[in-house]
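As structure tokens, the structure follows; a few thoughts come after it.
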Amino acid sequence: MLLTKNKLIACAVFLGFTTQMSCTRKWEDHNKINNADLTQNLYQKIAADESLSKFTSYLQKTGYADTLQLNRTFTVWAPTNDALQTIDASLSGDDARLKKFVAHHIAHLSYYSDQLQSDTTRLPLIDGKYAIVKTSWFEEAPINIKDRPATNGVLHTITAAAAPVANCWDYIDSLMAGGNNMARFMKNYVRAERDTTNAIQIGINPLTGAPIYQKGTDTVIRNVFLNAVYDLSNEAKQYTVFIMNNTVWNNERAKLDTFYRTSSADTTYNLARIYTAKDMAIEGALAPDQLPDSVLTKFGVWVPINKSAIQAKYKTSNGYVYVMNYMNVELRQRFPPFIVQGENYSGTLNGSGSPIYLRTLNNPNNGQTFRDLYAYNHGVNKWHVRYRLFNVPTTAYRVYWATYNNRWNNTLNQRLAMGTSDNKTFAYRNVPYNVYNEEYLGDYPVSSFGNLDIFLVSADIAPSSSNQNQSALFLDYIRLEPVLK
């Protein structure tokens with residue numbers, strides 16, 4: 001009986017050992033397959049695949065055969081021979097186009113399908129563009145064989161070609177060539193700006209010690225839209241752009257002409273055009289089925305989008321461009337009120353800020369916290385605090401202020417002066433004790449587009465130690481509400 005038991009134990013041990021040996025052999029066989037895969041670099045692996053012979057010849061012709069043998073890491077989405085039959089026959093005869101085409105199928109670093117952060121990832125390619133890659137798709141091309149390792153990266157095989165497309169800025173260029181006036185303005189509106197990055201220094205100013213640069217080398221020409229709105233040529237980001245047809249562009253621009261009056265007709269015209277165009281691009285790629293009823297621009301303007309007014313649409317390498325045959329942005333969206341907070345002053349009459357206190361208080365009407373400016377004991381007749389508004393459109397403004405005098409129960413007068421400290425548009429007003437309110441001061445017309453100084457001026461009394469409480473200043477905010485017809 002003991003012998004039989006020992007035999008059973010020995011048999012079980014033997015079976016367990018042989019099973020373990022069998023599993024070990026299978027694991028070793030699995031490793032041998034993987035190790036065999038890692039004896040070839042990406043070019044060798046592609047060249048050894050007969051179904052990729054056409055792409056192999058493209059690699060050789062463009063020089064990327066050498067690139068894919070470097071001791072660096074790449075990912076290649078290689079189109080099959082069948083996939084390449086569908087591309088333009090003239091591609092192989094155009095070296096520049098062929099090189100861009102091949103580069104559009106190669107990325108730095110290794111990207112395995114299970115490493116994608118989501119089902120849709122936008123990856124940078126070595127042609128400078130980006131591709132939308134899903135677990136089983138490379139742009140619009142299905143991936144039929146994925147995750148083939150090589151010594152310097154990973155190979156995926158796709159059953160359709162993925163030719164690079166133009167970016168948003170390139171499409172605007174093509175629209176300009178087609179006669180679109182908005183596109184022409186966006187492309188051609190440039191400005192010279194000082195930039196010493198690549199300037200040639202030819203001396204030093206003996207009085208100031210500042211460098212002297214060769215004339216013209218310290219100035220660069222920059223496109224205003226790219227510089228001030230969005231760089232629509234940036235492949236790393238995505239945009240949605242709305243280009244108006246000529247009729248709509250003229251109508252929308254004409255609505256703004258009166259708001260940007262200057263001494264120069266050309267400057268006025270260009271200002272109206274750039275302020276019309278600036279709200280026609282947003283960050284992010286919105287496909288036609290993703291377009292909302294309105295979009296919010298970086299400048300805080302809500303732009304209504306009428307989908308039925310889309311005259312043409314273009315999927316670009318970094319977003320979408322839509323040509324619109326209708327656009328109507330409300331003036332109240334273009335021209336919101338100016339709110340000047342009392343604590344955000346830019347200067348004082350004598351440059352002294354010592355009489356100024358910036359307070360945090362509770363609004364007695366609603367309990368909400370606010371900050372304000374309180375100035376006391378400045379000792380100067382008609383002492384003032386200066387505020388500056390930038391890029392103020394030409395129109396009339398309804399002017400309000402909000403004050404809270406919670407310190408002095410006496411006659412306390414102050415006024416606003418527009419443009420200059422002695423401007424008499426608005427008379428002195430008493431600031432009542434312990435009352436918080438917004439008060440309408442009157443209308444003020446701005447006749448020329450540009451910056452506007454506003455002065456908070458203290459009482460017109462000879463200062464003394466006994467009347468400082470009568471020449472104090474209080475200000476929560478100033479509000480300029482544009483009058484829009």
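The values are calculated or read from the model by the stated rules, or taken from the named source; none is laboratory data. Computed from a prediction, not measured in an experiment: that's the story for all the values here. Cβ: placed from backbone, ideal geometry, glycine included. Neighbour counts: every protein chain shown. Side chains included, ligands, DNA and RNA excluded: accessible areas come from the protein's heavy atoms. Shrake-Rupley method; radii C 1.70, N 1.55, O 1.52, S 1.80 Å.
Could you tell me what percent of the accessible area of the chain is made up of carbon and sulfur, with a 1.4 Å probe and every protein chain present? Exposed carbon and sulfur together represent 50 percent of the surface. Each DSSP beta bridge with both residues in the chain is either parallel or antiparallel, and the antiparallel ones are about 85%.
Placing unit charges on each Cβ (+1 for Lys and Arg, -1 for Asp and Glu) gives the stretch 44-128 a dipole about its Cα centre, and among SER113, PHE74, THR86 the Cα reaching farthest toward its positive end belongs to PHE74. Taking the average, over residues, of other Cβ atoms within 10 Å as the packing measure, peptides 97-105, 442-450, 360-368 rank 97-105, 442-450, 360-368 from highest down. Once the chain from SER53 to VAL435 is taken as fully extended at 0.36 nm per residue, the excess over their C-alpha distance is 129.0 nm.
Accessible surface for GLU235 stands near 20 Å², nearest 10, in the context of the full protein assembly shown (1.4 Å probe).
The lysines whose alpha-carbon is closer than 30 Å to the alpha-carbon of LYS54, local same-chain residues fewer than 8 away aside, are LYS32, LYS45, LYS99, LYS100, LYS129, LYS134, LYS146, LYS315. Available extension along the chain between GLU140 and ASP257 is 37.6 nm, counting 0.36 nm per residue and deducting the alpha carbon span.
From the list (i) 0.98; (ii) 1.52; (iii) 1.07, can you say which value of Cα Rg over 2.2 N^0.38 Å was derived from the structure given? Only one listed value fits the structure, namely (ii). Only Lys, Arg, Asp and Glu carry charge here, each on its Cβ (+1 for the first two, -1 for the last two); on that basis the stretch 356-484 has a dipole of about 180 debye about its Cα centre.
Between ASN81 and ARG407, the contour length at 0.36 nm per residue exceeds the Cα-Cα span by 108.8 nm. Rolling a 1.4 angstrom probe over the protein heavy atoms, how many square angstrom per residue are accessible across the chain? In whole numbers, the chain has 52 Å² accessible per residue.
On a 0 to 90 degree scale, rounded to 10, what angle separates helix 53-62 from the longest Cα axis of the chain? Tilt relative to the chain: about 50 degrees. The aspartates and glutamates whose alpha-carbon is closer than 13 Å to the alpha-carbon of LYS307, local same-chain residues fewer than 8 away aside, are ASP289, ASP293. When each of the peptides 157-163, 275-281, 197-203, 295-301 is scored by the mean number of other C-beta atoms lying within 10 Å of its residues, the order from highest to lowest reads 275-281, 157-163, 295-301, 197-203. Model label points for THR219 and THR369, set 7 angstrom from Cα along the Cα-to-Cβ axis, are 5.0 nm apart.
Note on ALA192 and THR425: the model spin-label points, each 7 Å out from Cα along the C-beta direction, lie 3.5 nm apart.
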